[in-house]
1. Could you tell me which residue of segment 48-76 is farthest from T2 (Cα to Cα), considering only residues that are surrounded by 14 or more Cβ atoms within 10 Å (Cβ to Cβ) and of a type in the set (G, A, S)?
2. Looking only at segment 37-70, how many residues end up being in a loop (DSSP other than H, G, I, E, B), farther than 28 Å from A12 by Cα and modelled with pLDDT under 90?
3. Quick one: in segment 3-55, of everything that is among the aromatic types (F, W, Y) and touching a Ser or Thr at 6+ places or on another chain (Cβ under 7 Å), which residue is nearest to D77 (Cα to Cα)?
4. Which pairs do you get when a residue that is closer than 25 Å to G44 by Cβ and free of Cβ contacts under 8 Å to residues at least 40 places away in the same chain, found in segment 8-24, comes within reach of a residue that is among the charged types (D, E, K, R) and part of a loop (DSSP other than H, G, I, E, B), reach meaning Cβ atoms under 7 angstrom, with the pair 6+ apart or on two chains?
5. State which residue pairs qualify: first residue farther than 30 Å from Y29 by Cα and inside segment 59-81, second residue in a strand (DSSP E or B) and among the β-branched types (V, I, T) in any location, beta carbons under 7 Å apart, and separation of 6 or more residues or different chains.
6. Take the residues in segment 3-32 that are of a type in the set (G, A, S) and part of a loop (DSSP other than H, G, I, E, B); name whichever of them is surrounded by the fewest Cβ atoms within 10 Å (Cβ to Cβ).
7. Can you tell me which of (1) within 15 Å of M1 (Cα to Cα); (2) surrounded by 14 or more Cβ atoms within 10 Å (Cβ to Cβ) is the one G79 doesn't meet?
Amino acid sequence: MTIQELIDLCTANEISLDTHIALRAKDDYLLMGSRVYLDNAYFGNCENGSDLVDKIAPRDNDGDIMYDNVPYFLILDTGRG
């Protein structure tokens, strides 16, 4: 998949180009359009993932993160891993 194809896919599916991106199974495999989708991201293995979620997540009246309302990420998944 090329960058232009990724942009076209986002445009066709009304996915904002300002959407955060998460990579899954980021080995050296080709990315296919069928493996690009919006979803919740899990950052258990990501050094700065929790920092990003902390920054962008909505909070309740007590200031606690509302994990069920964290914005979706554009998931780029090779399906390998």
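The values are calculated or read from the model by the stated rules, or taken from the named source; none is laboratory data. These figures come from a predicted structure and were not determined experimentally. Because the Cβ atoms are built from the backbone with ideal geometry, glycine has one as well, and the counts that use them run over all protein chains shown.
1. Ranking the qualifying residues of segment 48-76, first place goes to A57.
2. Count: 5.
3. Out of the qualifying residues, it is Y29.
4. none
5. Between residues of segment 59-81 that are farther than 30 Å from Y29 by Cα and residues that are in a strand (DSSP E or B) and among the β-branched types (V, I, T), the close pairs are R59/I65.
6. S16
7. Going through the list (1) within 15 Å of M1 (Cα to Cα); (2) surrounded by 14 or more Cβ atoms within 10 Å (Cβ to Cβ), G79 breaks only (2).
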